[in-house]
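Worksheet: the structure to be examined is printed underneath.
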Amino acid sequence: GKKYVRGGFRTHVARGTVVQETQTTRLSMNRWFTTKQAQTSISVRLICYKGKKTDVKWVDEDPLHFETLCSFSASIPASALIPGSRLGAIKPCWSCNFDAVVSFGTTEFKCKIEWKDSQGITQSGVAVPVWNEG
């Protein structure tokens, strides 16, 4: 996935979009790790904007109107991590390019993390959404 600055976000589903119960959305993402373990957990937080502005690009433009809808995480194997270098990093580090996939259903919301293995075959880790009760 592409690299982004913290505090920004990308839209999974835009306001006013009619979502079908069979619809799936995905966002390509990237995470960096400073340790390589047999299993690594990747977490994704889905936030919801409840303000009145129409073209918000940064959370700090209207921070009181962003809420966490849910978060989900899945375990990925060490083979999904790619050795790399991060600007300013002193230690070795690894990255993982993955897609955060959300499927809407008639009665449930399904989430998963997908990545390509070393042969280019798509792998996935099913994730259970943890809903924000606040």
Give or take rounding to whole Å, what are the principal axis extents of the alpha carbon atoms in region 92-134, in descending order? 38, 25, 11
Sort out the exposed loop trypsin sites (Lys or Arg not before Pro) in the chain (DSSP loop, at most 15 other Cβ within 10 Å) and tell me the longest stretch that has none. 87-134
Potential extension, residue 97-residue 50 segment - 0.36 nm per residue separation minus Cα distance: 14.0 nm
Applying 1/(1 + (r/R0)^6) with R0 = 25 Å to the Cβ-Cβ distance of residue 121 and residue 37, what FRET efficiency is obtained, to the nearest 0.05? 0.70
Within region 23-118, DSSP-loop GluC sites (Glu not before Pro) with at most 12 other C-beta atoms within 10 Å are 108
Please list, in order along region 41-49, the HN-Hα scalar couplings obtained from phi with the Karplus expression 6.51 cos²θ - 1.76 cosθ + 1.60 (θ = phi - 60°), rounded to whole Hz, x for Gly and Pro. 9, 10, 10, 10, 10, 9, 10, 10, 9
Rg/Rh (Cα only; Kirkwood hydrodynamic radius) as it applies to the chain: 0.99
Just want the answer: with Cβ charges of +1 for Lys and Arg and -1 for Asp and Glu, which residue in 74, 35, 12 is farthest toward the dipole's positive end in region 1-85? 35
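Bear in mind these aren't lab numbers, they're just calculated from the coordinates by the rules spelled out. All figures in this text were calculated on a predicted structure; none of them were measured in a lab. In this analysis, Cβ positions are derived from the backbone assuming ideal geometry, glycine residues included, and neighbour counts consider all displayed protein chains.
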